[in-house]
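The values are calculated or read from the model by the stated rules, or taken from the named source; none is laboratory data. Please read these numbers as outputs of a predicted model, since none were measured by experiment. All Cβ positions, glycine included, derive from the backbone under ideal geometry; neighbour counts span all protein chains shown. Each accessible area value is taken on the protein alone, full model and side chains, heavy atoms only, with ligands, DNA and RNA left out. Shrake-Rupley method; radii C 1.70, N 1.55, O 1.52, S 1.80 Å.
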Amino acid sequence: MRRPVVGVIGNAYRVENRFQTQMVGERNLRAVTDVAGALPLMFAGSPEITDIGALLDVVDGVILTGARANVHPTRFKTEPHEKHEPYDIHRDDVALALTEACVARGVPIFGICRGLQEMNVAFGGSLHPEIREIPGRMNHRMPRLENGEIHPDPTVVFADRHDVHLTPGGTFASLLGCETIRVNSLHGQGILEPGERVVIEGIAEDGTIEAIRIADAASFALGVQWHAEYDPQRNPINRALFEAFGTALKAHNRAN
């Protein structure tokens, strides 16, 4: 049996503010290799050069990674505002259609941060453009210095910041062997209304939706709001998720 292959979506990125590129964070690639036991294959988050059908013919699963850009509000019938930029409308085109295709074809899919949000929108759900503006919610964005710059220490940026309460007896609680976990937090958008097939399985202390699954999916179809790709080599929660994803990849590989 060949080694499973995982398609990892790329993000639009401009080098030196001039050169258009597609980028994937290395932590995503290493999580796929080190923990899921698969070969990562980056594909472009750009519809004119990405054939979803052809992609799913050659991969055993897909990861929708976190990203700096937000899902464009018109995707969930909301007016855009410049304060919620940047957007990556081409990735939206690919990710939303890809989510539906993966679930329809039984291809394992794992959504992380923006990926969870894309999975929700793909099934008709909506997002709030800035969770911290909802009364009673905490600031879920990454830690910054007093001058507004992102904190330079990644151990601070990705430190666990709040609890998530999991549905008793649900998929996540069963996988992780507990009903309360502690996770990092690096996001502005969050789920407002869940999509038609979106089952909520994890909620933060302030009510923010943190873990979902797609109902009646034939294979692994989970999304998390936190950055599970950070340190799954040592973090037992994130390790368990990537190991479960890896098990689903191997099953898909054997069946095909």
| the chain - accessible surface per residue (Å², probe 1.4 Å) | 46
| said: Helix-only mean residue ellipticity at 222 nm, the chain, DSSP H runs n ≥ 4 weighted -39,500 (n - 2.57), per residue, nearest 500. What is it? | reply: -8500 deg cm²/dmol
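What does the charge dipole of segment 5-251 about its Cα centre add up to, to the nearest 20 debye, if the Cβ of each Lys and Arg holds +1 and the Cβ of each Asp and Glu holds -1?
So the dipole magnitude of segment 5-251 works out to roughly 240 debye.
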| said: I'd like the distance between the alpha-carbon centres of segment 1-69 and segment 190-256, rounded to an integer number of Å. | reply: 17
| field | Karplus-derived 3J(HN,Hα), 6.51/-1.76/1.60, for each residue of segment 57-72, Hz, glycine and proline x | value | 6, 10, 10, 9, x, 9, 10, 9, 7, x, 7, 5, 6, 8, 5, 5
| Sequence-distant or interchain residues sharing an amide H contact under 5 Å with residue 222, placed H: which? | 109, 111
| query | Looking at segment 5-251, what % of its DSSP beta bridges pair antiparallel, to the nearest 5? | reply | 60
| note | Between residue 139 and residue 2, the two model label points (7 Å from Cα along the beta-carbon direction) sit apart by a distance in nm of 4.8
| query | Could you give me the ³J(HN,Hα) list for segment 219-234, computed from phi with Karplus coefficients 6.51, -1.76, 1.60 and θ = phi - 60°, whole Hz, x at Gly and Pro? | reply | 9, 4, 8, 10, x, 10, 7, 7, 8, 5, 6, 7, 6, x, 5, 10
| Pulled fully out, how much extra length does the chain show between residue 159 and residue 30, if you take 0.36 nm times their separation in residues and subtract their Cα-Cα distance? | 44.6 nm
| request: Express the relative contact order of the chain as a whole percentage, based on alpha carbon pairs under 8 Å and six or more residues apart in sequence. | output: 22
| note | Given backbone amide H placed at 1.01 Å from N, residues whose amide H is under 5 Å from that of residue 162, ignoring those fewer than 5 places away on the same chain, are 183
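Leaving out ligands, DNA and RNA, and with a 1.4 Å probe, what % of the accessible surface on segment 156-222 is carbon or sulfur?
48
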| note | Ranking 122, 176, 37 by how far each Cα lies towards the positive end of the charge dipole of the chain (+1 on Lys and Arg Cβ, -1 on Asp and Glu Cβ), the top one is 37
| Taking N as the number of residues in the chain, what value does Rg over Cα atoms divided by 2.2 N^0.38 Å take? | 0.94
| task | Give the value in nm², to one decimal: projected area of the alpha carbon convex hull of segment 196-237, averaged over all directions. | result | 3.8
| note | Answer in debye to the nearest 20: the dipole magnitude of segment 65-183 about its Cα centre, from +1 Lys/Arg and -1 Asp/Glu charges placed on Cβ, is 180
| task | Return the sequence-ordered ³J(HN,Hα) values of segment 99-116 in whole Hz as given by the Karplus equation 6.51 cos²θ - 1.76 cosθ + 1.60 applied to θ = phi - 60°, using x for Gly and Pro. | result | 4, 4, 5, 4, 5, 5, 9, x, 8, x, 9, 10, x, 10, 6, 4, x, 4
